[in-house]
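*Asks:* Questions regarding the structure given below will be posed in turn.
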Amino acid sequence: MPLTSTRVILPGLLRDLVGGMAEIEVADDTAGQTVGQVLDRAFTTHRILEGKVRDERGLIRRHVKVFVNGEDATRGAGAATPVPAGARIHIINAVSGG
């Protein structure tokens with residue numbers, strides 16, 4: 001059975017920090033891992049993203065939303081949300097203003 005990959009999809013604001021990359025592919029042995037563990041792996045080569053998405057405790061920042069296959073992980077278990085194989089994890093930064 002061929003492996004698929006889990007993808008971390010980045011918003012435009014974060015893409016600028018990683019040379020315009022729209023997504024980070026994580027080899028798919030992620031089944032059974034959590035959002036936090038997948039982000040650890042994705043951010044290994046892109047350390048600048050770490051502080052933009054998570055706080056010093058490893059929790060997802062208040063102004064950031066994370067969706068796993070369209071489900072809002074930040075409303076539930078946050079960084080402890082389980083990630084199925086082949087998932088799409090979207091990171092969305094809050095936009096405010098008037």
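Quick note: the coordinates plus some simple rules give every number you see, no bench work behind them. Since the model is a prediction, treat every value here as computed from it, not as a measurement. Neighbour counts are summed over all protein chains in view; Cβ atoms, including those assigned to glycine, are modelled from backbone coordinates with ideal geometry.
*Asks:* Would you be able to tell me the number of residues in the range 84-98 that are farther than 14 Å from Ile9 by Cα and touching a strand residue (DSSP E or B) at 6+ places or on another chain (Cβ under 9 Å)?
*Replies:* Within the range 84-98, residues that are farther than 14 Å from Ile9 by Cα and touching a strand residue (DSSP E or B) at 6+ places or on another chain (Cβ under 9 Å) number 3.
*Asks:* Shifting gears a bit: Between residues in the range 75-91 that are free of Cβ contacts under 8 Å to residues at least 12 places away in the same chain and residues that are surrounded by fewer than 15 Cβ atoms within 10 Å (Cβ to Cβ) and acidic (Asp, Glu), which pairs lie under 6 Å by C-beta distance while being six or more apart or on different chains?
*Replies:* From the range 75-91, no pairs qualify.
*Asks:* Can I ask one more? In the range 50-81, which residues are under 17 Å from Thr6 (Cα atoms) and touching a helix residue (DSSP H, G or I) at 6+ places or on another chain (Cβ under 8 Å)?
*Replies:* Correct list: Val66, Phe67, Val68, Ala73, Ala79, Ala80, Thr81.
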